[in-house]
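Student: I have a structure I would like to understand better, so I am pasting it below and will then ask my questions one at a time.
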Amino acid sequence: MRAAFLWLAITAILYAGSPTWAAEVRAMTMTSLAAGVELPATLFVPEGAGPFPAVVVARDCSGLGPRSSGAPRRWAEELVAQGYVVLIADSFSPRGLPNGVCTAPNNEGSRANGFVRAQDSYGAFAALRGLPFVDAGRVGLMGGSHGGWTTLASLAEFQTADIALAQAKRRGFRAAIALYPNCSSRFGSWIVTREHGAWGAITGYSGTYRALAPLLILIGEIDDWTPAEPCRRLAETSRAAGYDVAIVVYPDAHHSFDNTAPKRYAAERNNANAPNGKGATTGGNAAAWADAKAQVATFFGKHLKAPREN
């Protein structure tokens with residue numbers, strides 16, 4: 001199913017002074033697979049004629065509010081410099097959550113959870129495939145934190161009765177990267193059980209995450225918001241079952257390691273892994289961030305740029 005999209009404005013911004021990237025930046029709207037939901041989005045187009053491979057970047061829980069992490073834009077710059085078209089949609093504002101969902105009450109944040117946003121990802125996928133300068137067979141997905149959860153939900157084998165989403169997944173993303181994602185959600189047969197149902201200590205794992213395309217997970221060893229251990233288990237069981245799922249765990253790295261910000265604990269953040277469901281730590285890690293850039297370049301280079309095998 002092909003989503004409709006509409007240019008709202010086209011702003012040609014060439015970052016000629018930047019030594020690392022140059023792009024045309026366009027504001028647009030795109031249609032989610034969720035019925036009747038149109039999302040504002042930003043499209044980054046590299047210099048040149050194309051057709052280019054492309055990446056959908058899913059925002060983290062901070063959205064576009066005053067406390068936005070800025071991570072999606074930083075990754076867009078990295079990817080554009082490597083020759084990718086990048087599309088970043090705002091899943092939150094149209095659903096009444098302009099400041100994201102990091103601290104939103106659960107009954108509000110659920111309006112834009114990772115499974116809801118998977119429909120946005122495939123709407124973005126369809127929008128990119130309709131652009132003449134995009135190589136329709138070379139579209140990837142990437143997201144951090146809440147966007148990482150969205151990435152896992154998007155790449156999980158048909159766990160939905162939604163016909164449009166199931167059809168989209170059959171011919172979906174060619175590869176995906178999840179940075180510090182929530183690996184504790186239920187993805188098809190993959191189930192993580194907790195002490196208090198939806199939150200608290202993890203008491204068990206079962207099933208298998210069945211990835212529809214190659215998947216790379218990048219996560220910090222001391223992440224207390226989306227811990228590494230569930231992601232280790234998810235990747236191990238997936239690989240054992242023959243799925244192309246890889247993971248890199250960075251020593252001494254917290255959540256949101258891909259920035260230069262100092263370590264910060266915020267008591268108001270929603271955190272299913274905290275004893276009382278609140279409070280999480282973020283902070284940059286130069287070594288992890290540098291390696292993550294290399295991992296992203298290599299992984300997408302292999303799956304979105306390398307010649308197709310016969």
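FYI, it's all coordinate maths here, none of it is from the lab. From a predicted model like this one, the values you see are computed outputs, not experimental measurements. Cβ sites come from the backbone with ideal geometry, for glycine too, and all protein chains shown count toward neighbours.
Student: Would you mind working out the magnitude of the charge dipole of the chain relative to its Cα centre, with +1 at each Lys and Arg C-beta and -1 at each Asp and Glu C-beta, to the nearest 20 Debye?
Tutor: 480
Student: Then there's this: In whole Hz, with x marking every Gly and Pro, tabulate ³J(HN,Hα) for segment 215-227 from phi via Karplus 6.51 cos²θ - 1.76 cosθ + 1.60, θ = phi - 60°.
Tutor: 10, 10, 10, 10, 8, x, 5, 10, 5, 9, 9, 10, x
Student: Amide H of VAL37 versus every other amide H placed in the peptide plane: which residues, excluding those fewer than 5 positions away on the same chain, fall under 5 Å?
Tutor: Long-range HN contacts for VAL37: SER32.
Student: I'd like the FRET efficiency for GLU195 and PHE133, computed as 1/(1 + (r/R0)^6) with the beta carbon distance as r and R0 of 41 Å, rounded to 0.05.
Tutor: The value I calculate is 0.25.
Student: Going toward the positive end of the dipole of segment 104-181, with +1 on Lys and Arg Cβ and -1 on Asp and Glu Cβ, which of LEU152, PRO181, ALA126 do you reach last?
Tutor: ALA126
Student: Beyond 37 Å, what share of the Cα-Cα pairs of the chain remains, rounded to the nearest whole percent?
Tutor: 8
Student: Return the long-range amide H neighbours of GLY220 (sequence gap of 5 or more, or a different chain), with a cut-off of under 5 Å between placed amide H atoms.
Tutor: TYR180, TYR250
Student: Residue by residue through segment 66-75, which ³J(HN,Hα) values in whole Hz follow from phi under the Karplus form 6.51 cos²θ - 1.76 cosθ + 1.60 (θ = phi - 60°), with glycine and proline marked x?
Tutor: Computed from phi, the couplings for segment 66-75 are x, 9, 4, 5, x, 4, x, 5, 4, 6 Hz.
Student: Only sites in a loop by DSSP and with at most 12 other Cβ atoms within 10 Å count here; which GluC sites (Glu not before Pro) in segment 108-209 make the cut?
Tutor: GLU195
Student: If you don't mind, another one. Just order 240-248, 295-303, 147-155, 181-189 by mean Cβ neighbour count inside 10 Å, highest at the front, would you?
Tutor: On the way: 240-248: 15.9, 295-303: 17.4, 147-155: 28.6, 181-189: 21.2.
Packing proxy ranking, top to bottom: 147-155, 181-189, 295-303, 240-248.
Student: Which Cα, out of PRO230, MET28, ALA286, lies furthest along the positive dipole direction of the chain (beta carbon charges, K/R +1, D/E -1)?
Tutor: Selected residue: MET28.
Student: Another question about this same structure. Using only alpha carbons, build the gyration tensor for segment 143-286 and give me the equivalent ellipsoid semi-axes, biggest first, whole Å.
Tutor: 25, 17, 14
Student: Under 29 Å Cα-Cα from LYS302, which lysines qualify once same-chain neighbours fewer than 8 residues away are excluded?
Tutor: Leaving aside lysines fewer than 8 places away in the same chain, those within reach of LYS302 are LYS169, LYS293.
Student: In whole Å, what is the distance between the alpha-carbon centres of segment 250-283 and segment 35-74?
Tutor: 23
Student: Measure nothing fancy, just the Cα-based angle from helix 114-129's long axis to the longest principal axis of the chain, in degrees from 0 to 90, nearest 10.
Tutor: 20
Student: Note down the magnitude of the dipole of segment 214-296 about its Cα centre, charges +1 on Lys and Arg C-beta and -1 on Asp and Glu C-beta and zero elsewhere, to the nearest 20 debye.
Tutor: Its charge dipole is roughly 160 debye.
Student: So between ALA261 and ALA297, what do we pick up on full extension, going 0.36 nm a residue minus the alpha carbon distance? Spell out each step's value before the answer.
Tutor: Working: separation 36, 0.36 × 36 = 12.96 nm, distance 2.28 nm.
In short, 10.7 nm is gained.
Student: Additional query: How high is the relative contact order of the chain? Use alpha-carbon pairs under 8 Å, at least six apart in sequence, and give a whole percent. It would help to have the intermediate numbers written out before the result.
Tutor: On the way: 738 pairs, mean separation 43.3, N = 310.
Worked out over the chain, it gives 14 percent.
Student: Please work out the FRET efficiency for the pair ASP224 and ARG170, using the Cβ-Cβ distance as r and a Förster radius of 25 Å; give the result to the nearest 0.05.
Tutor: 0.10
Student: Continuing with the same structure: Pairing the Cα long axis of helix 286-300 with the longest principal axis of the chain, what angle in degrees results, from 0 to 90 and rounded to the nearest 10?
Tutor: 60
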